[in-house]
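A.B. asks: Have a look at this one before I ask anything.
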Amino acid sequence: MPTKFTRREWLAASAGAAGAAVLTGCTKLEPVVPSRVSIVRAPAYDQTLYDTVRRVIASQGLNVRGKSVLLKPNLVEFEPESSINTHPLLVHAVYEGFRALGPSAIHIGEGPGHRRNTLDLAEAAGYFKTIPRFEDLFVDLNLDDVTLVRRAHLFSRLDKLYLPNLALGADLLVSIAKMKTHHWVGATLSMKNLFGVVPSGVYGWPKNVLHWAGINECIADLHDVFDRQFAIVDGIVGMEGNGPIQGTPKHAGVLVAGKDPVSVDATCCRVMRLDPFKIEYLRLASGDMDTHVTERNIQQIGETIAAVATPFETPPDFPHLRLEMT
């Protein structure tokens, strides 16, 4: 059986023993292992993406030899020319980058919440045309066999989750998200992308139970359940304004990646000039001390945030998210 790691061990392996200290309670000091987040320029969806993604993976010290990997893009609607879906060329670049590392198996999986015909959606988004043997690699997570997962603590009003076996069994779940604003939670990035692993075959379309149970809380729950993740956020062309579907394309020309989705998403927010401390699910998942949201606890490699910062228009109900320039 492949070796399983806890989230703490997974993050510690990426940063070694380096760490700051956080005061907890009144007197106890606990070390904080800085999360490494890669920020790289990627101006267009072209062939240079393959080398860019390879370098991002190498910079994070990922070792998946002999292990199973599940790539989870964001597929939402039948609009291939829009910025709604994760671009298929990026998904293929990520696939090739991980395939070169010698995993035992690598799949692409998604469970859209809006559309039942997932393969038709993938074809309309250009996945069949761009990714060779796509149908052999792809699993519809809405229809996969499921396992009942109970946790001692859940943030949401759910007391259990039924989740697809392919996702639960993966040694590494790679969230290939789109950098978008979101009219209900402010921003949708790598963590919100995990709504696509919740099977509509159990919860129905469009998975409204996750909204009724608390959308921010369910995002934090899914982050907690899947404790071996790697996040890559597609900010080459994202979406601003009334996202995640009806917004406006926004070119940021950047990829943001790392082993800690909270730190990756907090960094994306800063790139978008949104305040990550005002994104509720980030604070829930980070804990009382906001450890993985606080910038000093994030080791940025590659570009600086200031060098790639691109202000995104906020959703109509979230003007307070604007991060003021300093």
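A.B. asks: Residues that are basic (Lys, Arg): which helices (runs of 4 or more DSSP H) entirely in the stretch 244-326 hold 1 or more of them? Talk me through it step by step, then tell me what you get.
C.D. replies: Numbers: elements: 261-271, 280-286, 305-308.
Output list reads 261-271, 280-286.
A.B. asks: Filter the stretch 249-288 down to residues that are free of Cβ contacts under 8 Å to residues at least 60 places away in the same chain and within 11 Å of Phe312 (Cα to Cα) and give me whichever is most open to solvent (accessible area, probe 1.4 Å).
C.D. replies: The selected residue is His251.
A.B. asks: Checking the structure you have, find out if any residue of the stretch 25-35 is at pLDDT below 90, surrounded by 18 or more Cβ atoms within 10 Å (Cβ to Cβ) and either under 23 Å from Ala105 (Cα atoms) or among the acidic types (Asp, Glu) (or both).
C.D. replies: no
A.B. asks: Since Ala15 meets every condition but one in (1) open to solvent by less than 40 Å² (accessible area, probe 1.4 Å); (2) touching a Gly at 6+ places or on another chain (Cβ under 9 Å); (3) at pLDDT below 65, which condition does it not meet?
C.D. replies: (2)
A.B. asks: Report whether or not Glu240 is of a type in the set (Asp, Glu), open to solvent by 10 Å² or more (accessible area, probe 1.4 Å) and in contact with a Leu (Cβ under 7 Å, 6 or more places away or on another chain).
C.D. replies: So Glu240 does not fit the description; no.
A.B. asks: Right, Ser156: surrounded by fewer than 21 Cβ atoms within 10 Å (Cβ to Cβ) and either out of contact with any Ser or Thr (no Cβ under 8 Å at 6 or more places or on another chain) or within 13 Å of Ile108 (Cα to Cα) (or both) or not?
C.D. replies: yes
A.B. asks: Also, I was wondering about something else. In this structure, is Thr147 touching an Asp or Glu at 6+ places or on another chain (Cβ under 6 Å) and either surrounded by fewer than 16 Cβ atoms within 10 Å (Cβ to Cβ) or within 19 Å of Gly204 (Cβ to Cβ) (or both)?
C.D. replies: no
A.B. asks: Sticking with this structure for a sec: Could you list all residues from the stretch 77-133 that are surrounded by fewer than 17 Cβ atoms within 10 Å (Cβ to Cβ) and polar (S, T, N, Q)?
C.D. replies: Within the stretch 77-133, Ser104, Asn117, Thr130 meet the criteria.
A.B. asks: Which residue is modelled with the lowest pLDDT, if the candidates are limited to the stretch 124-143 and must be in a helix (DSSP H, G or I) and touching a Pro at 6+ places or on another chain (Cβ under 7 Å)? So that I can check it myself, show each step before the final result.
C.D. replies: First, pick out the residues of the stretch 124-143 that are in a helix (DSSP H, G or I): 124, 127-130, 134-137.
So of that shortlist, the ones also touching a Pro at 6+ places or on another chain (Cβ under 7 Å) come out as 124, 127, 130.
Values: Ala124: 92, Tyr127: 96, Thr130: 97.
Among residues in the stretch 124-143 that are in a helix (DSSP H, G or I) and touching a Pro at 6+ places or on another chain (Cβ under 7 Å), the one modelled with the lowest pLDDT is Ala124.
A.B. asks: Out of the residues in the stretch 37-74 meeting the condition of being more than 14 Å from Val256 (Cα to Cα) and in a strand (DSSP E or B), tell me which one is most open to solvent (accessible area, probe 1.4 Å).
C.D. replies: Looking at the filtered set, the residue picked out is Ser68.
So that you can scan it fast, the table gives a plain yes or no per residue for (1) surrounded by fewer than 17 Cβ atoms within 10 Å (Cβ to Cβ); (2) touching a strand residue (DSSP E or B) at 6+ places or on another chain (Cβ under 7 Å); (3) over 16 Å from Val262 (Cα atoms):
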{"residue": "Leu143", "(1), (2), (3)": "yes, no, yes"}
{"residue": "Met191", "(1), (2), (3)": "no, no, no"}
{"residue": "Tyr203", "(1), (2), (3)": "no, no, yes"}
{"residue": "Val209", "(1), (2), (3)": "yes, no, yes"}
{"residue": "Gly214", "(1), (2), (3)": "no, no, yes"}
{"residue": "Cys218", "(1), (2), (3)": "no, no, no"}
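A.B. asks: Going by the structure shown, is Tyr127 of a type in the set (Ser, Thr, Tyr) and over 18 Å from Val76 (Cβ atoms)?
C.D. replies: No.
The values are calculated or read from the model by the stated rules, or taken from the named source; none is laboratory data. What you see is a predicted model; the values in this text were computed from it and never measured. FYI the Cβ positions are ideal-geometry reconstructions off the backbone, even for glycines, and counts take in every protein chain you see. Note: accessible area is taken over every heavy atom of the protein model, side chains too, but ligands, DNA and RNA are not part of it. Shrake-Rupley method; radii C 1.70, N 1.55, O 1.52, S 1.80 Å.
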